1. Confirm whether Y229 is part of a strand (DSSP E or B), open to solvent by 30 Å² or more (accessible area, probe 1.4 Å) and more than 23 Å from Q261 (Cβ to Cβ).
2. V85 fails exactly one of the following numbered conditions: (1) among the β-branched types (V, I, T); (2) over 19 Å from F214 (Cα atoms); (3) more than 17 Å from the chain's Cα centre (by Cα). What is the number of that condition?
3. Give S40, S48 a once-over and let me know the one that is over 13 Å from the mean Cα position of the chain (by Cα), modelled with pLDDT of 95 or more and assigned to a loop (DSSP other than H, G, I, E, B).
4. One residue is enough: does the range 202-221 have a residue meeting the conditions farther than 20 Å from L51 by Cα, open to solvent by 50 Å² or more (accessible area, probe 1.4 Å) and touching a residue at least 60 places away in the same chain (Cβ under 8 Å)?
5. Quickly run through the range 189-201 and pick out the residues that are open to solvent by less than 40 Å² (accessible area, probe 1.4 Å) and touching a residue at least 60 places away in the same chain (Cβ under 8 Å).
6. Restricting to the range 163-188, name every residue that is farther than 18 Å from Y100 by Cα, open to solvent by 30 Å² or more (accessible area, probe 1.4 Å) and not aliphatic (A, V, I, L, M).
7. Hey, can you tell me all the residues within the range 106-117 that are over 19 Å from the mean Cα position of the chain (by Cα) and either in a strand (DSSP E or B) or within 14 Å of K59 (Cα to Cα) (or both)?
Amino acid sequence: MCLVACPVLCLALAPSAAQAGAWTLGAGEGQIILQTTAASANQEFGPSSDLLSSRPYEKVEVDLVFEYGATDWLTLIAAPQFLAVHLGAPAPASYAGPGYTSLGGRVRLYQSGAGALSAQVVARIPGTGSSQSAAAVGYEDAELDLRLLAGVSFEMFGKPAYVDLQAAQRQRYGPPPDEFRLDATLGVRVAERWQLLVQSFNVISEGAGEGPFFGVSYAYYKLQLGAAYDWSAALTLQLAVVGTYFARNAPQENGLVLSAQYRF
């Protein structure tokens, strides 16, 4: 689920502001985000989107994201990842080690007082190497994420709020098929230090890839609900739950997301 531009990481929210991932950082400003996602599944949506029992698995992704404003219109991005995956019976397999390392940047195309439009290019470099483990399938090939981001801030019931929309073309090299991705975030500051977040992550494969693991097309749709707390002017903590509510040829995955964002 997670990319550097994953909306759960797209909070650039000072205690008195409501801005989303489409905004670039100011020149000389930066942020560091540490995010852990723990998820599991023992069911999958079949070809007709009916729920079926499946091989169980557990997954933990830890992403450390660095963003820095090289100029007011260019934000540089670097994000190494640690990945741990365990597959259950009938053929148990495990992998623990480097996941993807993401490198790229976000360019501001337009910004007004309430809205922003930007474009982002991120290369994702696999770190699984020649692990030869079935648990690393899907993390073994390079990817390129081309993303258009739009955000607008406004008031909702008298509270500062924002909407962030992101459309992406995920170029995947090797057996996996390319993907179209559409992510949406609604954030509302319900109190001086508290924000509530509703997020949607949607992935549709562009046809099928190469077998045996990617021989069919797929799609999955996830909903994430969370809250963020401003510990200080520089530090925001976030807790969220995420689940796959509908899919085709994809796992019914549920998980927990924890993140900490430090701005400087």
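1. Working: part of a strand (DSSP E or B): yes; open to solvent by 30 Å² or more (accessible area, probe 1.4 Å): yes; more than 23 Å from Q261 (Cβ to Cβ): no.
It is false that Y229 is part of a strand (DSSP E or B), open to solvent by 30 Å² or more (accessible area, probe 1.4 Å) and more than 23 Å from Q261 (Cβ to Cβ).
2. Here V85 clears every test but (2).
3. Details: S40 fails: assigned to a loop (DSSP other than H, G, I, E, B).
From the options S40, S48, the qualifying one is S48.
4. Here is the first cut: in the range 202-221, the ones farther than 20 Å from L51 by Cα are 206-212.
Checking which are open to solvent by 50 Å² or more (accessible area, probe 1.4 Å) leaves us with 206, 208, 210-212.
If we keep only those that are touching a residue at least 60 places away in the same chain (Cβ under 8 Å) as well, we get none.
Taking every residue of the range 202-221 in turn, none turns out to be farther than 20 Å from L51 by Cα, open to solvent by 50 Å² or more (accessible area, probe 1.4 Å) and touching a residue at least 60 places away in the same chain (Cβ under 8 Å).
5. The first filter runs over the range 189-201 and keeps only residues open to solvent by less than 40 Å² (accessible area, probe 1.4 Å), leaving 189, 195, 197, 199-201.
Matches in the range 189-201: R189, Q195, L197, Q199, F201.
6. F180
7. In the first step, residues of the range 106-117 are kept if they are over 19 Å from the mean Cα position of the chain (by Cα); the result is 108-116.
R108, L109, Y110, Q111, G115, A116, listed by residue number.
Condition check ((1) more than 23 Å from A70 (Cβ to Cβ); (2) in a strand (DSSP E or B)) across all residues:
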| position | (1), (2) |
| --- | --- |
| A84 | yes, yes |
| A89 | yes, no |
| G104 | no, yes |
| Q120 | no, yes |
| G129 | yes, no |
| D141 | yes, no |
| L144 | no, yes |
| L148 | no, yes |
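The values are calculated or read from the model by the stated rules, or taken from the named source; none is laboratory data. Just so we're clear, the structure is a prediction, and the values are computed from it rather than from any experiment. When we count neighbours, we look across all protein chains shown, and the Cβ atoms used for this are built from the backbone with ideal geometry, even at glycine. Accessible surface areas use protein heavy atoms only, side chains included; no ligands, DNA or RNA. Shrake-Rupley method; radii C 1.70, N 1.55, O 1.52, S 1.80 Å.
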